[in-house]
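Scroll down for the structure; my scribbles are underneath it.
The values are calculated or read from the model by the stated rules, or taken from the named source; none is laboratory data. These figures come from a predicted structure and were not determined experimentally. With ideal geometry, Cβ positions are generated from the backbone for all residues, glycine too; neighbour counts draw on all protein chains shown. Just the protein is used for accessible areas: all its heavy atoms, side chains included, with ligands, DNA and RNA removed. Shrake-Rupley method; radii C 1.70, N 1.55, O 1.52, S 1.80 Å.
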Amino acid sequence: GLELSHCVGANSLGPAVPWRSGGPCKMKRVRTVFKPEQLERLEQEFLKQQYMVGTERVDLAATLHLTETQVKVWFQNRRIKWRKQSMEQKAAKLSQFGVIQPATADSTDMKDHEEDTVDVEL
């Protein structure tokens, strides 16, 4: 089932608060909480391949009792985390050798990637 949290103020507890910019009262999905076994399997698959598509994604979702969208979004978010970790490791190596990276480029790039993070199921 789909779990939705109600808009603040929907039960006359106060004024309606818009969620993001979608209107006066848009329903917000509750964040998926993965079981440790599901996360372990997802991480194993991610180590094999960073992109899960087609029947592989359908099969994995069925095996883990998740929706295909939940698996897709998990992989999207995991790729963002992976890129961020890769950039941090690269910066650490460069700093060991006394190479200074411009802070503005890194922070701007990471901000763009963080905005791509998706926790909702469509």
Run the 1.4 Å probe and let me know the accessible area of VAL58, rounded to the nearest 10 Å². 70
Of the accessible area of the stretch 36-103, computed with a 1.4 Å probe and all protein chains kept, carbon and sulfur make up a percent value of 56
Sites GLN76 and CYS25 - FRET efficiency at Förster radius 30 Å, r taken between beta-carbons, to 0.05: 0.65
Cα lying deepest toward the dipole's positive end in the stretch 36-94, options ILE80, LEU42, HIS65, charges on Cβ: ILE80
Rounded FRET efficiency, nearest 0.05, which uses the C-beta distance separating ARG83 from ARG41 and R0 of 25 Å: 0.70
Solvent-accessible ranking of THR32, THR63, largest area first, probe 1.4 Å: THR63, THR32
Accessible area of LYS84, 1.4 Å probe, to the nearest 10 Å²? 80
For the pairs LYS26/LYS48; LYS26/LYS90; LYS35/LYS93; LYS28/LYS90; LYS35/LYS84, flag any whose C-alpha to C-alpha distance is greater than 32 Å. LYS26/LYS48; LYS26/LYS90; LYS35/LYS93; LYS28/LYS90
Solvent-accessible heavy-atom area per residue, rounded to whole Å², over the stretch 37-85 at 1.4 Å: 60
Within-11-Å neighbourhood charge of MET52 [Cβ basis; K, R +1; D, E -1]: +1
D (µm²/s, integer) via Stokes-Einstein for the stretch 36-94, Kirkwood Rh across alpha-carbon pairs, 25 °C, 0.890 mPa s: value 201
